[in-house]
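Following: one structure in structure tokens, then a few remarks.
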């Protein structure tokens, strides 16, 4: 008999068992320790136990949906942090039941939309979400580069680069009302991190550029004032942040953005083969 429980009523060990089983045949290997799983999925990913659910066959964990709520793209949003099911139990309506619980909870908390990311080539999952009412809105693309391949600016730039506070960067990001940034790169994702490199560039006390880079070299935020572009400032900011983090490789994830992709390619970034669909369901 299949039963369902809120994740506040189960153990983290059971949650991890369901996660490991559900992703045992995934298109990309997802191998991590239980401690790493808990730190990531109930840390920066933003999932909450009271918003997440599990499926059991007798006492055996077989399915999991993780959920979190935040203001995203200006709206109260319930994100599906993961939905997975043991391969032996697929096609029996269990995923649909977990999703129905997820959606019902979003309505209870007065969310305005549901949101998730799914690998573009995972056609079965994409079809399932489409059948649930989701629409593919943005495509996430991944780029990477060894820092030594990024050419150095040829001219000495007239800017002072210094550390900035998270609050300052967050305040500026919030001012960009029509700027879509992926869930895993937006400021709430690294708000509690003590290892993010946050740098600002200034000219005559005027802020002209900002960058946020993780300790692994992931560029979470990069902005250059329009009047200061095409001068090598963006490239310089990447180099300085990478130097601060002591990384040899830098990565970035971004929604479809032709001008930014052109900028990355000119610096020598290579596009990774994987792409993700960002899918939305208005409530």
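Nothing in this text is a laboratory measurement; each read-out follows from the coordinates by a stated rule. In this text, all values refer to a predicted model and were calculated from it rather than measured experimentally. FYI the Cβ positions are ideal-geometry reconstructions off the backbone, even for glycines, and counts take in every protein chain you see.
Structure summary
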read-out	value
Nearest 10 degrees, 0 to 90: helix 94-108 Cα axis against the chain principal axis	60 degrees
Three-way shape call for region 142-279 based on the alpha-carbon gyration tensor, with the a/c threshold at 1.5	rounded
Rg/Rh for region 60-217, where both radii come from Cα atoms and Rh is the Kirkwood radius	1.07
Cα coordinate range in region 175-217, projected on the principal axes (Å, largest first)	32, 27, 16
Over the chain: helical MRE at 222 nm, DSSP H runs n ≥ 4 each giving -39500 (n - 2.57), nearest 500	-8000 deg cm²/dmol
Burial ranking of peptide ranges 229-240, 177-188 (average Cβ count within 10 Å, highest at the top)	229-240, 177-188
Percent antiparallel among DSSP beta bridges (both partners in the chain, rounded to 5)	90 percent
C-alpha long axis of helix 166-175 to longest principal axis of the chain, angle in °	80 degrees
P(r) of region 2-111 over all Cα-Cα pairs, binned every 10 Å from zero, in whole percent	15, 49, 31, 5, 0
Using alpha-carbon coordinates, inclination of helix 233-245 to the longest axis of the chain, degrees	60 degrees
